[in-house]
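The structure appears below as structure tokens.
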Amino acid sequence: MLNAFTGILGGLTVFSYMGYTAKSLGLPDVSALPLTGIDLAFIAYPTALTLLPFPSFWAILFFLMLIFLGLDTQFAFVECISGTLEDEKLSIGGVQLKPIVQRILICLAIIIGGLPLLTDVSLHLLKLYDTFSMDAPLTGVVTIEIFIYSMDYSLERLANDIKAKTDQIVPRFIIFLLDKVSLPLYTILFLVALYSLIFHDTVGLPIWAAFLGWSLTLIPFGVILSLIHI
């Protein structure tokens, strides 16, 4: 709930400032402003902070927030990958790696993967990552997860396991939403995101950029297929 309301507050802040800017510049509407995607966070929001009293103070807080958000995301990211590797008991050369070694290797891989973002084309790469590694992969993976839970594990069993381990009763309407609403909803969202990716985002891209982008999109599905094979 806190995350959702924070997103709503951020959206209201950014788009209200964009409306103010459009009116100040004499533009017909907000769509005339050349700000989309990550520009909203790194241009519109910091610029809006300059209109507040003590703008330097608010700017420092804003970028500290971005730093802590990034660190928090990396903790969850590393633990997710490491937990999956530990569950699958994967090994290298017949030797199973210790958890601490796994985490070190994962962090090194993330650092190496982030090095291109320090080059002169970092902004273009960031926009490419943001376009191809967000909507379609996330909604697709969530759709597959819901399908597997509902078909193989069963949501009733999940609710019983949650009650047994945490002594928390899952409300019936949550089970209903997961069972009857979530799968068709996320399937539609995935198809819409995939359609937008194919017929809008890929159009006009160089071949190398389209190849890199679709590789990012297909990586999660390749990982799922490899885990199913294992």
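The values are calculated or read from the model by the stated rules, or taken from the named source; none is laboratory data. In this text, all values refer to a predicted model and were calculated from it rather than measured experimentally. Ideal geometry is used to build each Cβ from the backbone, glycine not excepted, and the neighbour counts take in all protein chains shown. Calculation scope for accessible area: heavy atoms of the full protein, side chains included, ligands and nucleic acids excluded. Shrake-Rupley method; radii C 1.70, N 1.55, O 1.52, S 1.80 Å.
Just a few scattered comments:
- Out of L158, L118, sole residue that is out of contact with any Leu (no Cβ under 9 Å at 6 or more places or on another chain) and over 30 Å from Y195 (Cα atoms): L118
- Taking the stretch 25-42 as the range and being open to solvent by 80 Å² or more (accessible area, probe 1.4 Å) and at pLDDT 75 or above as the test, only P28 passes.
- Only one entry in D135, D130 is of a type outside the set (F, W, Y) and surrounded by fewer than 17 Cβ atoms within 10 Å (Cβ to Cβ), namely D130.
- Per the listing S56, S91, the residue uniquely at pLDDT below 80, open to solvent by less than 90 Å² (accessible area, probe 1.4 Å), among the polar types (S, T, N, Q) and over 28 Å from Y129 (Cβ atoms) is S91.
- Every test in (1) surrounded by 12 or more Cβ atoms within 10 Å (Cβ to Cβ); (2) at pLDDT 80 or above; (3) of a type outside the set (S, T, Y) is passed by L158 save one, and that test is (2).
- Residues in the stretch 188-213 that are of a type outside the set (A, V, I, L, M), over 30 Å from A159 (Cβ atoms), assigned to a helix (DSSP H, G or I) and open to solvent by less than 60 Å² (accessible area, probe 1.4 Å): S196, D201, G213.
- The one condition in (1) at pLDDT 75 or above; (2) under 28 Å from L216 (Cβ atoms); (3) surrounded by 13 or more Cβ atoms within 10 Å (Cβ to Cβ) that D72 fails to fulfil: (3)
- For the residues P99, P171, the requirement of being more than 30 Å from F211 (Cα to Cα) and either surrounded by 11 or more Cβ atoms within 10 Å (Cβ to Cβ) or within 26 Å of the chain's Cα centre (by Cα) (or both) singles out P99.
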